[in-house]
Amino acid sequence: MNHNQTAVLFPGSFDPFTLGHASLVERALKLFPQVVVAVGYNEHKQGWIPVEERVRALEEFYADNRRVTIVSYTGLTVDLAQQLGIHCILRGVRSTKDYEYELDIADINHRLSGIETIVLFADPNLASLSSSVVRELAHMGRDITDWLPGNINYRLNTINEQQRANT
Ligand code: ADP
């Protein structure tokens with residue numbers, strides 16, 4: 001797979017992939033011909049939804065869009081970008097807190113690899129939405145479907161019960 005300059009890499013945990021993430025992908029498709037959504041995971045921490053399920057649901061969700069590709073990875077985002085031949089990373093900023101965090105990561109990534117980070121500011125209607133809030137609502141027994149893209153379909157029986165208890 002050689003995306004070169006046509007693709008942007010959108011890394012995240014996406015645990016779960018929310019309306020905020022989907023909005024970012026949609027807006028990025030106006031700027032780049034290809035968006036590669038990269039589901040990052042930690043080998044030592046399963047997360048709320050297992051990574052295979054996060055990837056499966058995203059593949060299904062974007063199945064009709066040939067401009068969106070889903071990959072999973074562990075390790076450094078810049079290593080993945082270099083493996084894929086991608087020169088640009090996409091991140092979203094909702095707040096000054098996000099800004100500080102993204103600034104540091106973008107700087108480190110640039111020092112490590114020369115790869116640039118493009119930031120899109122959150123749609124103000126979605127700026128309070130985060131995967132952790134969605135997990136918290138689910139834990140409290142609330143229906144979370146309003147916060148997820150319409151047709152995304154996680155097999156909820158795969159959700160990590162221990163993590164569910166911890167969120
Ligand atoms: P990570 O675990 O790497 O922080 P997330 O899965 O939480 O990643 O999010 C991936 C990216 O999407 C981050 O840059 C995050 O700031 C951005 N993001 C998350 N929620 C929203 C939202 N509601 N609007 C815009 N950007 C968002």
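Laboratory data are not the source of any read-out in this text; all were calculated from the coordinates shown. The model shown is predicted, which means the values in this text are computed figures rather than measured ones. Cβ placement follows ideal geometry from the backbone for every residue including glycine, while neighbour counts extend to all protein chains displayed.
For residue 40, nonlocal amide neighbours, meaning residues 5 or more places apart or on other chains whose placed amide H falls under 5 Å from its own, are 12, 13, 73.
Here the gap between residue 119 and residue 52, fully extended at 0.36 nm per residue and compared with their Cα-Cα distance, gives a gain of 21.4 nm.
Subtracting the Cα-Cα distance of residue 127 and residue 59 from 0.36 nm times their residue separation leaves 22.0 nm of extension gain. Think of the chain as having a plus end and a minus end, set by charges on the Cβ of Lys, Arg, Asp and Glu; of 77, 6, 108, 6 sits farthest toward the positive end of this dipole. Note down the relative contact order for the chain as a percent, whole number, built from C-alpha pairs under 8 angstrom at least six residues apart. Across the chain, relative contact order equals 31 percent. Under 1.5 on a/c is rounded, so check that first for region 54-167, then, if it is not, pick prolate when a/b is larger than b/c and oblate when it is not; a ≥ b ≥ c are the square roots of the alpha carbon gyration tensor eigenvalues. In terms of gyration-tensor shape, prolate. The distance between label points at residue 145 and residue 6 comes to 3.7 nm (points 7 Å beyond Cα on the Cα→Cβ vector).
In the chain, the calculated helix contribution to ellipticity at 222 nm averages -11000 deg cm²/dmol per residue, counting -39,500 (n - 2.57) for every DSSP H run with n ≥ 4.
Using a simple charge model, +1 on the beta-carbon of Lys and Arg, -1 on the beta-carbon of Asp and Glu, nothing else, what dipole does the chain show about its Cα centre, in debye to the nearest 20?
Approximately 160 debye in magnitude.
Protection proxy ranking of 84-95, 59-70, 38-49, 15-26, by the mean of other Cβ atoms within 10 Å over each peptide's residues and highest first, is 15-26, 84-95, 38-49, 59-70. Note on the chain: dipole from Cβ charges, positive end direction compared against 16, 130, 61; the farthest Cα belongs to 61. Amide H to amide H, with H built 1.01 Å from N, residue 122 comes under 5 Å of 93, 94, counting only residues 5 or more places away or on other chains.
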